[in-house]
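Everything on this sheet refers to the single structure shown next.
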Amino acid sequence: VQLQASGGGLVQAGGSLRLSCAARGINFRLHTLNWYRQPPGKQREWVANITSEWSTNYVDAVKGRFTISRDNVKRVAYLQIDRLKLEDTAVYYCNTQRSGVDFWGQGTEVTVSS
């Protein structure tokens with residue numbers, strides 16, 4: 001299983017980014033895709049997920065600003081981040097599970113400036 005995250009960068013507060021997570025080695029449409037983030041000096045935290053049935057869930061801190069989606073044809077999950085805040089600065093990771101084993105992408109860094 002390979003997950004490739006991309007789309008991070010340096011953005012001013014209030015701006016937007018779209019992160020992508022391309023997956024290989026799994027039957028993509030059957031899997032829940034998660035996004036996590038790890039702010040500098042802090043633990044990794046779960047941010048959002050989208051299930052195989054297209055149900056979406058978000059941590060309270062990002063509701064209304066983050067939108068997770070998926071394209072089962074392209075085998076890509078997306079995380080649209082709007083109205084970025086300084087506290088969104090983190091390395092963002094995509095994740096999925098297969099047979100109880102976690103698989104992680106390499107992370108993409110988002111830095112929000114004031």
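The values are calculated or read from the model by the stated rules, or taken from the named source; none is laboratory data. Just so it is clear, the structure is predicted and the values come from calculations on it, not from any experiment. Methodologically, a virtual Cβ is constructed for each residue, glycine included, from the backbone with ideal geometry; neighbour enumeration extends over all protein chains shown. All accessible areas refer to the heavy atoms of the entire protein, side chains included, with ligands and DNA or RNA removed. Shrake-Rupley method; radii C 1.70, N 1.55, O 1.52, S 1.80 Å.
On the beta carbon distance between residue 101 and residue 72, with R0 = 22 Å, the FRET formula returns roughly 0.55.
Count the net charge of all other residues whose Cβ sits under 13 Å from the Cβ of residue 31, scoring Lys and Arg as +1 and Asp and Glu as -1. Charge balance in the 13 Å sphere: +3. Projected label points at residue 53 and residue 80, each 7 Å from Cα along the beta carbon direction, are separated by 2.4 nanometres. Per residue, the range 1-110 exposes 54 Å² of accessible surface when a 1.4 Å probe is rolled over the protein heavy atoms with every protein chain present. Applying the Karplus relation 6.51 cos²θ - 1.76 cosθ + 1.60 with θ = phi - 60° to the range 94-107 yields 3J(HN,Hα) values of 9, 8, 8, 10, 9, 6, x, 9, 7, 10, 10, x, 7, x Hz, where x marks Gly and Pro. Ranking of 17, 10, 33 by solvent-accessible surface, largest first: 10, 17, 33 (1.4 Å probe, protein heavy atoms only, all chains present).
Rolling a 1.4 Å probe over the protein heavy atoms of the range 1-65, with every protein chain left in place, gives an accessible area that is 43 percent carbon and sulfur.
Amide hydrogen proximity for residue 107: with H placed 1.01 Å from N in the peptide plane, the residues at 5 or more positions away or on another chain lying under 5 Å are 5, 94.
Distance from the alpha carbon centroid of the range 12-39 to that of the range 96-114 works out to 7 angstrom. Note on the chain: Cα convex hull, mean projected area over all directions, 6.6 nm².
Sequentially through the range 66-78, phi angles give Karplus couplings (6.51, -1.76, 1.60; θ = phi - 60°) of 9, 9, 9, 8, 8, 10, 6, 6, 7, 6, 10, 10, 10 Hz, Gly and Pro residues having no value and appearing as x.
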